[in-house]
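The values are calculated or read from the model by the stated rules, or taken from the named source; none is laboratory data. In this text, all values refer to a predicted model and were calculated from it rather than measured experimentally. Heads up, the Cβs are rebuilt from the backbone with ideal geometry, glycines too, and the neighbour counts pull from every protein chain shown.
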Amino acid sequence: MHKFKLLFSVFFMLKVALVVQAQALTWQEVEPGVWKGIVGKPEAYDLLKAAGATPYKAGLNNIGKAAFPLPQAQISAVVKDGKTYLRFPLVEKEQLYGFGLNFQMVHQRGKILELHVDHYGGKDNGRTHAPTPFYVSSEGYGIFVNSARYIKVWAGTGVRHDSENFPAPKDRNTDKTWAARPYSDAVEMLVPAEGVEIYVFAGPRPLDAVKRFNLFNGGGYLPPRWGLGFTQRVMTKSTAADVEKEVQDFAERGYPLDFIGLEPGWQSKAYPGTFAWDKTRFPDPAKFTQDMLKKGIRLNLWINPYVSPDAPFYKQIKPYTASHTVWLGLVPDFTMPEARNIFFSQLEQDQVDIGVSGYKIDEVDGYDYWLWPDVALFPSGTSAEQIRQTYGLLTMRYSAEMFRKQNRRTFGLVRASNGGGTSFPYVIYNDYYNHEDFITALINSGFAGVLWTPEVRASKTGEEWLRRFQSNVFSPMAMINAWASGTKPWTYPEVEKQVKEYALLRMRLLPYWYTEFAKYHFEGTPPFRAMNLEDGYQLPTKNENIAAVTNTNLEENPYLEAVAKEVKDQYMAGEYLLVAPMFAGQTTRKVILPKGRWYDFYTGAYVGDGQILTVTPGLDKMPVYVKDGGIIPMMPPLLQAPKANQKVNLEIRHYGEKNGIYRLYDDDGETFDYEKGAYAWRDIKVARQKNGQFKGNISKAPAGKPNTIGKVTWKFMTKP
């Protein structure tokens, strides 16, 4: 008996020693302010490899170095039973953001998630279109776990008995302060693999950590100018004649239109697809495509990558497909060059080579009943789980390469992404249709390294249509998706005038949108992002002096309480604009202004400084505000985005009482020549003169660089 106890004690001590040894982590600074740690034996296939993501070094170097943002000794990792257990520390008032494209919550502390690519089903449980395993802390750092597995997350919920911050147990029977969810001081993750890469991104601000993450993934995508214009997706079985009539109607009614989306009916068969034109609807695809291009209209084609037995390459690709089908179509294993070459060669020859400008990649996300099960086998040997987590990345990556080979930028839609996908030319969309949750998703997209469109499809009333349309204008892709409804911008005549005004406003703001997307590429700043990333909005962190806050009494200073609460219905659009959407049935709403003076976008009137507004804008307007000193470059309300190298006149608006500065981006608007240096930043400056009046100037285009700026006029919006 004593021998048994002794052997057990020795075994237990050895086991503990092994666990302690496994917790040791070493960190290597791989880019300025970015550290990599390796636990166990990471798998050969991961998110970054699937995406082919490479850091944009120039942007990371411009941010510069920073200290490791966490106590390294408090980060632990254990490999056990073929799984990796990760633990990252939290301080008491720290808030967390991210963990993918969530639709209902911005604050993630206290959540339990399984990060799993799927169609969004109405709950923030980790199953979503882009379950990026990256989170950002209010303390100014970010964590990325580079695994193509379903990752379980306990974001400040578990309590270890050996925690340094173990809370005092309370008696529920006698203590009213007893809590069902005790305080937790850690984020814990479970990765079903025998090792993993971990990346830590320094701040000092949360926005700096986000920027480093985006740049580490290659920098955000810079769309062609036409991609930031307006798009209409036509009904499923539309013919070439139907599309021509639609284009004519837009032009005659004076509505902007840059690209048309063709839904499944362009193919001879869909679900599964042939990826070949239906000659009864489009008898001469090449001529049709070129005729559209002559009218300034690009075509975007719907696909899902599941191959019909009637596809011309069915037999050829079959050996490189999964054991299971989707809608009885073959599932190509895009990790294999053979499958990629066969599949994308068909798209390239039949569509891209004749002038098609982009794709909408559907159903690469879920549901489980639709996609292959996790027991499916892929010929590459990559697991079904890993393919599920990365299929959106793979389809984006290799479809984008077709356009890059032709030195043409594209911009399209996709249903799934993940870590590593920041630099791809795609905006996420889905079948869910809750306006409020669409705005929350737009906010969260800035933490996930993806883009999201709160698209418009149909509405029960003209009011709802207008409210949806207004917020859609202030998003990455201004789109009506009429594949089933057939709606047009003018479908609701009672609000047609206002809808048209906002459609034209989208076009007027193109110089601003284009510059903000250039910052996404070169600097890593999300073009649409949460208020929590805005200077002047955040609560002081542990490293800042709480005395800097003038009044910490919440009864006397409710602003402090407001910014501590979750705000999921207003956001920043670019450097200077604060957008506060209105929803159907609302006549008033509250808007929380960051510290600093803010001005009405439409009138230039002063509205407040670090306070909570209650606004009643009326149906005609969606509240939009501009920072003091804000500069907004605008162009005439063209019905199409400027063509390559086309000069356009600018009206440069200045708001507020401070001097202003803005760096305006310029290139040819369509090719990748900017990657070879064919671009320019133009400095716009506004300064108050001795006579009290403002005066603006814009720097000259550098010699030998693109110059698409015509006549410049100035508009000082805020009256003395």
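For Phe403, indicate whether it is over 13 Å from the mean Cα position of the chain (by Cα) and buried (at least 24 other Cβ atoms within 10 Å of the Cβ).
no
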Qualifying residue in the stretch 490-507 (condition: modelled with pLDDT of 95 or more, under 30 Å from Lys237 (Cα atoms) and among the small types (Gly, Ala, Ser)): yes
Candidates Val624, Val607 - the one that is more than 24 Å from Phe230 (Cβ to Cβ) and buried (at least 17 other Cβ atoms within 10 Å of the Cβ): Val607
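If you take the residues of the stretch 105-130 that are in contact with an Asp or Glu (Cβ under 8 Å, 6 or more places away or on another chain) and polar (S, T, N, Q), which of them is surrounded by the fewest Cβ atoms within 10 Å (Cβ to Cβ)?
Asn125
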Members of the stretch 705-719 that are modelled with pLDDT of 95 or more and more than 31 Å from the chain's Cα centre (by Cα): Gly710, Lys711, Val712, Thr713, Trp714, Lys715, Phe716, Met717, Thr718
Counted residues, the stretch 39-65 - those being in contact with a strand residue (DSSP E or B) (Cβ under 9 Å, 6 or more places away or on another chain) and either in a loop (DSSP other than H, G, I, E, B) or closer than 18 Å to Leu215 by Cβ (or both): 12
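Looking at Gly82, Gly110, which is the one that is at positive phi and touching a Gly at 6+ places or on another chain (Cβ under 6 Å)?
Unique residue meeting the criteria: Gly110.
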Members of the stretch 479-498 found to be more than 30 Å from Glu566 (Cα to Cα) and of a type in the set (A, V, I, L, M, F, W, C), listed by number: Ala482, Trp483, Ala484, Trp490, Val495
So Ile443, is it within 18 Å of Asn217 (Cα to Cα) and aliphatic (A, V, I, L, M): no
Spans of strands (runs of 3 or more DSSP E) in the stretch 647-720 with at least 2 residues out of contact with any helix residue (DSSP H, G or I) (no Cβ under 9 Å at 6 or more places or on another chain) and within 19 Å of Pro223 (Cβ to Cβ): none
Residue in the stretch 518-529 that is more than 24 Å from Val414 (Cβ to Cβ), crowded, with 21+ Cβ neighbours inside 10 Å and either among the aliphatic types (A, V, I, L, M) or without any contact (Cβ under 8 Å) to a residue 12 or more places away in the chain (or both) present: no
Residue that is surrounded by the fewest Cβ atoms within 10 Å (Cβ to Cβ) [pool: residues in the stretch 289-305 that are out of contact with any helix residue (DSSP H, G or I) (no Cβ under 9 Å at 6 or more places or on another chain) and not charged (D, E, K, R)]: Leu293
Total residues in the stretch 128-139, condition in a strand (DSSP E or B) and closer than 24 Å to Tyr183 by Cβ: 3
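Listed here are the residues, each with its yes/no results for (1) over 23 Å from Val196 (Cβ atoms); (2) at pLDDT 95 or above; (3) within 22 Å of the chain's Cα centre (by Cα); (4) aromatic (Phe, Trp, Tyr).
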| site | (1), (2), (3), (4) |
| --- | --- |
| Ile63 | yes, yes, yes, no |
| Leu70 | no, yes, no, no |
| Ala73 | no, no, no, no |
| Glu92 | yes, no, no, no |
| Gln95 | yes, yes, yes, no |
| Gly100 | no, yes, yes, no |
| Arg109 | no, yes, yes, no |
| Thr128 | no, yes, yes, no |
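Restricting to the stretch 322-357, and then to whatever is on the phi > 0 side of the Ramachandran plot and not aromatic (Phe, Trp, Tyr), can you tell me which residue is farthest from the chain's Cα centre (by Cα)?
Checked the stretch 322-357; the qualifying residue farthest from the chain's Cα centre (by Cα) is Leu328.
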